[in-house]
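Take a look at the structure set out below.
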């Protein structure tokens, strides 16, 4: 019986077969074709979260794919979150950004857990209150996320102080923008009434946390949210 790699060698050019058959922990080096000639893809810095590619990125990449690359040191890791013809948006949370430097050792993966890829990324979330409720003294115990396909998983715990006028909404920013308001998960909150169950929803790119029963958050210290959830992006 012929080996898979032998069949690939027969069906593809040597350069294509090299990328498909490389055994590299789920990673492969992307390539593109122009007039039947195949070349390794090259990425160039555009901003702290974007890179440019030579051509036709939409034929090779999609959001949710995983990326690793180097910029003079060890590997940096990202998710692809937006793809246009020649620009790709990357999200490495607050752990990895794109530097204004040469990009080398580029590899991508659609595997669930390619070698070395982090289980979670940290991100810097910002809190705000509904109406005129003021949020201060935020303490973020953790704000982590991962992406599975087109679904973002979030894990958040924080405390803060509320002031001015009490409101039902306590909001925080997401690691990447939602494309629908479909979401789910569990939420536990706390205020002067002690531990309570909460609910949450997505609105205008924010996660809005509410006390079950639509009560307001009251005013004072140690307003607490512990949330595990998911949403589509």
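The values are calculated or read from the model by the stated rules, or taken from the named source; none is laboratory data. Since we're looking at a predicted model, the values are computed, not measured. Positions of Cβ are generated from backbone atoms using ideal geometry, with glycine treated the same way; all protein chains shown enter the neighbour counts.
Brief remarks follow.
- Residues considered: 96, 45, 75. Of these, the only one that is surrounded by fewer than 17 Cβ atoms within 10 Å (Cβ to Cβ), within 27 Å of residue 142 (Cβ to Cβ) and either modelled with pLDDT of 95 or more or under 13 Å from the mean Cα position of the chain (by Cα) (or both) is 75.
Conditions (1) modelled with pLDDT of 95 or more; (2) crowded, with 19+ Cβ neighbours inside 10 Å; (3) more than 15 Å from residue 225 (Cα to Cα), marked per residue:
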site	(1), (2), (3)
171	yes, yes, no
176	yes, yes, yes
180	no, no, yes
189	no, yes, no
195	no, no, no
204	no, no, yes
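- Residue ID - farthest from residue 113 (Cα to Cα), chosen from residues in segment 25-36 that are assigned to a loop (DSSP other than H, G, I, E, B) and modelled with pLDDT under 75: 35
- Residue within segment 170-182 that is in contact (Cβ under 8 Å) with a residue 12 or more places away in the chain, more than 23 Å from the chain's Cα centre (by Cα) and not assigned by TED's automatic domain parsing to the domain that holds residue 78 present: no
- Segments classed as strands (runs of 3 or more DSSP E), wholly inside segment 164-233, with at least 2 members that are under 16 Å from residue 126 (Cα atoms): 170-173, 194-203, 206-211, 220-232
- Some residue of segment 55-63 being without any contact (Cβ under 8 Å) to a residue 40 or more places away in the chain, assigned by TED's automatic domain parsing to the domain that holds residue 32, surrounded by fewer than 16 Cβ atoms within 10 Å (Cβ to Cβ) and under 19 Å from residue 177 (Cα atoms): yes
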